[in-house]
Protein chains: 2
Amino acid sequence: MTSPTVRGTPVDARPLRADAERNRRRIVDAAREVFARHGLEAGLNEIARHAGVGVGTVYRRFPDKDSLVAAALDEEVARMLAVADAAQRSDDAWSGLVLLLEEGLVLLSSNVGLRDLLLSQRTDPLDDGPEHLFLPYVESLVDRARVEGTVRPDVTVQDVGMLWCMVSELARHSVDLAPDAWRRYLALFTAGLRAGAVPDVPPPLDEEVAQEVLTRWIGLGGTRAPGAS
Amino acid sequence: MTSPTVRGTPVDARPLRADAERNRRRIVDAAREVFARHGLEAGLNEIARHAGVGVGTVYRRFPDKDSLVAAALDEEVARMLAVADAAQRSDDAWSGLVLLLEEGLVLLSSNVGLRDLLLSQRTDPLDDGPEHLFLPYVESLVDRARVEGTVRPDVTVQDVGMLWCMVSELARHSVDLAPDAWRRYLALFTAGLRAGAVPDVPPPLDEEVAQEVLTRWIGLGGTRAPGAS
DNA sequence: GATAACTGGATAGCCCGTATCCGCTCGCCG
DNA sequence: CGGCGAGCGGATACGGGCTATCCAGTTATC
């Protein structure tokens, strides 16, 4: 509340000096990239380095880390809300639910930082916690799907939440290696949720890639020699 | 390799003084409890406090943290291997697979430390990394089940690994709140793996409990007022 | 009762994060 | 074109949490 902002961009002061504005952009871009790849636990030093500026410059523009996070992820959050909204407006609830899960995971899985923001223990990440906004969407979709009879009658909102957490946890470990890996597991999962027949399930990952993801995740060395370093 | 040990218990020196032996036991017990509840990232100070001794005493008995981890979790690892072995010996591979997944998760989900040891990036946790031992078991079970025609023909070993990671990740967040929560999600998942019909799926969790687990996991406040603190 | 094993917990040392500070640079406006 | 203040980098303060050490005091044991 110190200075009025619109989506993280100050509106009160007169425009920044040209170079400052350029740097500000660089910083936000760098933050987007770094947060996306390494999640929110990335340090501001790394971001500064990645942006080619000093940490001081970062703190000059953004009072604290949270502000930078907000500025960097803001857009993605909006995109996420748009997805929820689109899913909501879907004619049949099952497709809506699948759309929400899939498109949501497209976003979450390509951006670890977004995942951290929405699905991690964080107190009040943006001003009033955007993650609170999703619950009602999911709730109404699940209810409608139950009425339609397209999901098992016992499916709950929390089921969807848990599923989202679990699958995105996987996605987190395979972002850069097999960005679509989660699709298979999501499908296997939704197969279990669906009332009637079993939907299509994407084919297994390439064995080596899958092994590599697991290796990274659980440090369980694959068949290939440990070798270097 | 400094001093010969059997399962973490020294065998070379003459028996410890009575009080020392008593303390050693207390320490291992405390470590078991604390690791089980909070995972391996628990500090030795906490364990010492929990055991009613000083940190010094811990380090007198165990050269470093890893040794303590080994001594504390050793038994659980053996139990895990026993499960894998039993599953292996099952007549039909599907039951074996389900047994392995379920009983394995019984162990993993009741002991965060064990989960950390087996399913986390850790280099060489016990002497030669016990987690490497499981792969062959799973591999052979999956192969046999494929031949039996009880799993989808495209199911892979890595599928099972991923599933284990994902579900145990959930378990990690619900240990003390809904220790059996994972069963439902495991079932939903295996339903997707199974070739033919959909197996029984445990009923949803109590709504409030499920919400609480999610809240703890993703910090997403439930419907109930935030209230205190 | 002598002795050495044992004890507790203060503390050293490390790593890694956020955030601050200050002497210097350089874009902008008169 | 020149001077001034916004802007700059990055060394550094500060804090928290961890593993591991050390040593003066205690106590089981023979």
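The values are calculated or read from the model by the stated rules, or taken from the named source; none is laboratory data. Fair warning: this is a prediction, and the values are worked out from it, not measured in the lab. Ideal geometry is used to build each Cβ from the backbone, glycine not excepted, and the neighbour counts take in all protein chains shown. Protein only, heavy atoms only, side chains kept; ligands, DNA and RNA dropped before computing areas. Shrake-Rupley method; radii C 1.70, N 1.55, O 1.52, S 1.80 Å.
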Label 7 Å beyond Cα on the Cβ vector: B:Val147 copy-to-copy distances, nm: 5.2
Quick one: which of A:150-157, B:113-120 comes out on top by average Cβ neighbours within 10 Å, and what's the full order, highest first? B:113-120, A:150-157
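In the range A:15-142, carbon and sulfur make up what percent of the accessible area (probe 1.4 Å)? If you can, show how the numbers build up before the last one.
On the way: 2900 of 5990 Å².
Summing carbon and sulfur atoms, their accessible area is 48 percent of the total for the range A:15-142.
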In whole Hz, what ³J(HN,Hα) sequence does the range B:15-21 give by Karplus (6.51, -1.76, 1.60; θ = phi - 60°), x for Gly and Pro? x, 5, 4, 3, 5, 5, 4
Just counting partner chain Cβ atoms within 10 Å, what average do the residues of peptide B:145-158 show around their Cβ? 3
Roughly how much accessible area, to the nearest 100 Å², goes out of reach of solvent when B and A pair up, both sides summed, probe 1.4 Å? 4100
Simple spin-label estimate for A:Tyr59 and A:Asp92 in nanometres, 7 Å along Cα-Cβ: 5.7
So which residues in the range B:167-187 end up with at least 20 square angstrom less accessible surface once the other protein chains are there, compared with the chain by itself, probe 1.4 angstrom? B:Glu169, B:Leu170, B:Arg184, B:Tyr185
Around A:Ala42, what is the net charge, scoring Lys/Arg as +1 and Asp/Glu as -1 over all other residues with Cβ under 12 Å from its Cβ? 0
Can you work out the Karplus-derived ³J(HN,Hα) for every residue in the range A:86-100? Use 6.51 cos²θ - 1.76 cosθ + 1.60 with θ = phi - 60°, whole Hz, and x for glycine or proline. 4, 4, 3, 7, 4, 5, 9, 5, 4, 4, x, 5, 4, 4, 4
Kindly state, to the nearest 0.05, the FRET efficiency for A:Glu41 paired with B:Leu177, given R0 = 30 Å and r defined as their beta-carbon distance. 0.75
Starting from the Cα of A:Arg17, move 7 Å in the Cα-to-Cβ direction to define the label point; list residues of the range A:40-63 whose amide nitrogen is under 15 Å from there. A:54, A:57-58, A:60-61
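Using only C-alpha atoms and all pairs of different ones, pull out the Kirkwood radius for the range B:43-92 in Å with one decimal. If you can, show how the numbers build up before the last one.
Numbers: mean 1/r = 0.0780 Å⁻¹.
Kirkwood hydrodynamic radius for the range B:43-92: 12.8 Å.
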Apply 1/(1 + (r/R0)^6) to the Cβ-Cβ distance of B:Arg26 and A:Glu207, taking R0 = 56 Å, and write down the FRET efficiency to the nearest 0.05. 0.75
7 Å along Cα→Cβ for the label point: how many nanometres lie between B:Pro179 and each equivalent label in the other copies, listed shortest first? 4.3
